[in-house]
1. For residue A:491, all conditions in the list (1) in contact with a Cys (Cβ under 9 Å, 6 or more places away or on another chain); (2) more than 30 Å from residue A:210 (Cβ to Cβ) hold save one; what is the number of the exception?
2. Quick one: count up the residues across the range A:50-64 that are part of a helix (DSSP H, G or I) and open to solvent by less than 70 Å² (accessible area, probe 1.4 Å).
3. Search the range A:439-454 for residues that are facing another protein chain (nearest Cβ under 9 Å) and pair each with any residue that is open to solvent by 30 Å² or more (accessible area, probe 1.4 Å) and in a helix (DSSP H, G or I) when their beta-carbon atoms are under 6 Å apart and the residues are at least 6 apart or on different chains.
4. What number of residues within the range B:43-69 satisfy the criterion of being within 9 Å of another protein chain (Cβ to nearest Cβ) and over 16 Å from the mean Cα position of the chain (by Cα)?
5. Give me a count of the residues in the range A:391-429 that are surrounded by 22 or more Cβ atoms within 10 Å (Cβ to Cβ), aliphatic (A, V, I, L, M) and outside any helix (DSSP H, G or I).
6. Just name the residue that is most open to solvent (accessible area, probe 1.4 Å) out of those in the range A:216-232 that are touching a residue at least 40 places away in the same chain (Cβ under 8 Å) and in a helix (DSSP H, G or I).
7. Taking the range B:8-24, which residues are within 14 Å of ligand 1 (Cβ to nearest atom) and within 14 Å of chain A (Cβ to nearest Cβ)?
8. Residue B:88 fails exactly one of the following numbered conditions: (1) closer than 22 Å to residue A:451 by Cα; (2) away from ligand 2 (no atom under 16 Å from the Cβ); (3) not hydrophobic (A, V, I, L, M, F, W, C). What is the number of that condition?
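The values are calculated or read from the model by the stated rules, or taken from the named source; none is laboratory data. Note that the structure is a prediction, hence the values are computed from the model and not measured. All Cβ positions, even for glycine, are placed from backbone atoms using ideal geometry, and neighbour counts span all protein chains on display. Heavy atoms of the whole protein, side chains included, go into the accessibility calculation; ligands, DNA and RNA do not. Shrake-Rupley method; radii C 1.70, N 1.55, O 1.52, S 1.80 Å.
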Amino acid sequence: MLNRGSLHRRTGASLILKICLVIFFAVVVVLPLVRMLLYMANADIVEVLTSNNFKKATVNTLLVGLITTAITVPLAYLLAWCMERTNLKWKGLWVVLISLPMLIPSISQGTGLIILFGANGVLTNLFNLGGSIYGMHGIVIGEAMYVIPVAFLMLSDILAYEDSTPYEAAQTLGIPRFRQFCAITLPFLRRPMVSVIFAVFSLTITDYGVPLTVGGKVKVLPVLLYEQVIGQLHFAEGSVIGAVLLIPAVIAFLVDLANRDRGSNAFISRGFDTGDNKRRDILALIPCAAIGIFMLLPVLAFVVLTFVTNYPIDMSLTMAHIEKTFRVKGDIYLRNSLIISTAVGFFGVIVAMVTAYLSTRMVSPTSRLLHLLSITCMAIPGMVLGLSYALAFKGTIIYGTLAILIMVNMVHFFASPYLMFYNTMNSLNEHLEAVGLTLGVSRPRIFRDVIMPQCISTILETFSYFFVNSMITISAVVFLSNTFTKPVSLLIAQYEAQSAFLGCTAFVSLMILGCNLVLKAAVFLIKRAINRSN
Amino acid sequence: MSDTPATIKISVKDLTKVYGTKTVLDHVSFEVQTGEFLSILGPSGCGKTTILRILIGLLEPTEGTVYKDGKDITGLSPSQRGMGIVFQNYALFENMNVQRNVEYALRFNKETKDKASGIAENLVKRVGLWEERAKKPGKLSGGQQQRVAIARTLALNPDVILFDEPMSALDVDTRLSLRKEIKDIQAEYGSTMIYITHDQEEAFAMSDRIMVMETGKIHQIATPEEIVKNPADEYVERFVLQNLQTKVDSLARFIKVRHA
Ligand SMILES: Nc1ncnc2c1ncn2[C@@H]1O[C@H](COP(=O)(O)OP(=O)(O)OP(=O)(O)O)[C@@H](O)[C@H]1O
Ligand SMILES: [Mg+2]
């Protein structure tokens with residue numbers, strides 16, 4: 001009632017900004033989803049849900065999800081353990097190799113497997129392999145390659161922050177190794193492991209890139225959705241499948257939300273001393289090198305397929321595949337991808353940074369709503385988001401432009417960058433703005449001069465995250481692009497079934513990988529330069 | 001300060017702060033003399049920080065008035081009040097070096113660049129960090145960081161400086177030297193200081209007067225001597241004097257040993 005000072009006027013301005021952002025998220029997240037759910041009314045829901053195709057696809061989807069998760073998580077844990085708890089040689093190299101799949105579209109894992117293990121595959125010929133890569137096992141291998149890096153990086157992070165003192169205490173008490181694992185490691189891992197498992201499971205069951213290429217007769221729900229909408233323009237039936245795909249994603253999201261460790265990792269009392277153990281270090285080399293090299297194989301195969309005339313019949317070198325890729329406008333689509341990815345990075349970083357600032361450093365009931373909306377983006381599978389956008393924005397001026405692709409990708413990949421900013425800004429001293437106000441320095445200036453400079457590294461990382469993911473994504477954009485706005489990753493989906501274009505798809509994968517590697521390297525060098533100057 | 005007739009620097013009337021149904025400050029009134037060092041003692045959650053934040057204008061009181069030099073400043077923004085505040089965890093600008101931290105705010109207060117750096121340089125020297133002036137706060141010890149925070153506050157030449165547990169994160173040696181530094185600065189600049197602490201002994205050593213609080217209420221404001229002689233009630237007796245007595249007793253044992 002009394003105070004008319006500038007502090008409180010500013011709080012008013014921030015409230016307006018918060019309300020604008022809430023409206024923004026309502027329009028770009030909630031509204032399209034509601035539109036899709038309402039659109040289901042146009043389909044015979046019962047018929048869709050009881051059809052044989054749907055039932056089979058549901059079972060297949062769950063099987064793929066469960067098997068992939070069961071294989072991936074222990075494997076990723078082993079890899080993460082080797083990185084964090086041993087003195088393994090060439091760690092950096094293995095980390096880069098194991099993370100390679102994060103830089104190419106999931107669908108490239110599929111084409112990579114075909115090039116390696118298909119009827120005329122590089123390895124099929126080399127080792128005279130029988131059998132076929134098509135089917136459930138192909139999907140599982142492809143999805144495993146797609147999600148192992150994600151699980152591996154999450155688990156490495158968790159292990160890097162584990163406290164070693166309980167183990168030291170156990171050792172002085174003479175408690176055997178296995179007992180230590182049960183009594184200390186398992187309870188410690190329980191919460192983060194749930195997050196990893198759900199992340200892996202959600203990623204696997206919502207991907208259509210791998211099953212589209214190597215699924216053969218085995219159909220999963222995302223492929224069914226793809227065929228309904230892209231092949232037959234059955235938007236209503238697609239909406240029903242989309243709604244079904246939303247269910248596990250939402251469950252996973254809620255479990256993760258309830259499970260999320262509220263405590264901070266900042267209070268770790270002691271890291272692990274990896275000690276000296278030659279035999280262990282050499283043994284650790286086996287899984288890391290095996291998986292690392294396996295992840296590299298598709299990339300090598302892409303190189304071969306790109307530059308060889310007609311593998312394996314005519315092994316002469318050629319530029320024909322590259323020329324052919326450009327003839328089908330590969331260069332224009334690459335330019336689209338670069339524009340989209342740069343724009344998503346630019347706007348995504350700004351929106352994520354401002355939203356995180358408002359929700360961490362100007363806490364109010366509105367900021368909690370904003371926080372919830374921001375992380376809700378995580379729960380929506382890309383395909384579902386893309387379909388919702390197609391239904392909600394058809395007929396508006398952004399439909400059919402690069403703008404809608406930029407927007408959908410920004411929303412699709414928003415949650416992680418937002419959370420990165422959230423953590424960074426939470427860790428900055430809580431009184432900075434207060435100090436500024438007492439010194440006559442306004443909040444926006446403190447934001448510019450003090451907060452933002454301390455977020456440089458987060459800005460770079462989140463930009464890179466937005467960029468790379470927009471380069472490789474095929475999910476949300478598939479329903480929203482046309483022959484003019486298509487991103488280059490979709491060229492792989494377009495030509496995946498035509499063996500005459502295998503060289504082109506291989507080259508497209510290489511181009512995407514190349515762009516992402518350049519960006520990653522640039523970010524790495526900039527960060528190093530900044531660290532050095534400090 | 002007893003030589004000249006005392007003038008009132010800060011006067012607080014019926015300050016009340018309510019959060020929802022919780023009354024955090026309940027009609028608190030007190031005065032602070034010009035050049036006085038007033039400590040606020042009280043258990044955790046009794047409203048000490050709330051008082052400081054209202055005094056400097058970071059928080060709006062539910063009711064009540066704050067006067068400075070006889071003028072109602074309740075509606076002024078923090079920067080218009082001529083006060084500075086020093087926090088427990090320093091709140092330095094980590095991306096700027098020592099010199100820049102002190103200089104930064106001056107730029108926004110219509111100082112020319114040369115003048116601003118001149119003032120900042122003198123202050124950095126004054127708090128003994130000349131050698132450290134190009135370092136970022138992360139490279140300094142806790143005590144050094146708190147000196148930067150104090151210098152930064154002094155840059156705008158406030159006549160009232162508020163401290164919210166400025167030493168709680170520091171070790172004993174650093175506390176003792178910073179204690180002296182703060183008192184020296186007060187003598188040199190003639191500032192009025194209001195100082196929150198959890199350390200009874202620190203309050204007794206530094207203060208002209210001590211304010212003893214409990215859950216939104218003031219039990220006593222008096223000089224250390226008077227609190228010892230005439231504690232206002234049983235609470236003050238227990239919270240302040242018994243606490244001190246315990247320390248004295250435990251030390252006395254060893255002093256006896258030494259002199260035996
Ligand atoms: N924004 C808020 N909303 C609700 N209650 C609050 C808020 N800010 C402070 N409080 C409550 O007001 C009371 C007084 O808080 P204050 O920070 O002034 O205590 P303090 O005396 O400084 O304690 P400490 O010694 O722990 O710093 C506490 O009970 C606190 O929980
Ligand atoms: Mg406090």
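1. (2)
2. Number satisfying all stated conditions: 6.
3. If the second residue must be open to solvent by 30 Å² or more (accessible area, probe 1.4 Å) and in a helix (DSSP H, G or I), the pairs left are A:440/B:79.
4. Total satisfying the criteria: 7.
5. The number of residues fulfilling the criteria is 0.
6. Result: A:230.
7. Correct list: B:15, B:16, B:17, B:18, B:19, B:20.
8. Of (1) closer than 22 Å to residue A:451 by Cα; (2) away from ligand 2 (no atom under 16 Å from the Cβ); (3) not hydrophobic (A, V, I, L, M, F, W, C), only one is false for residue B:88: (2).
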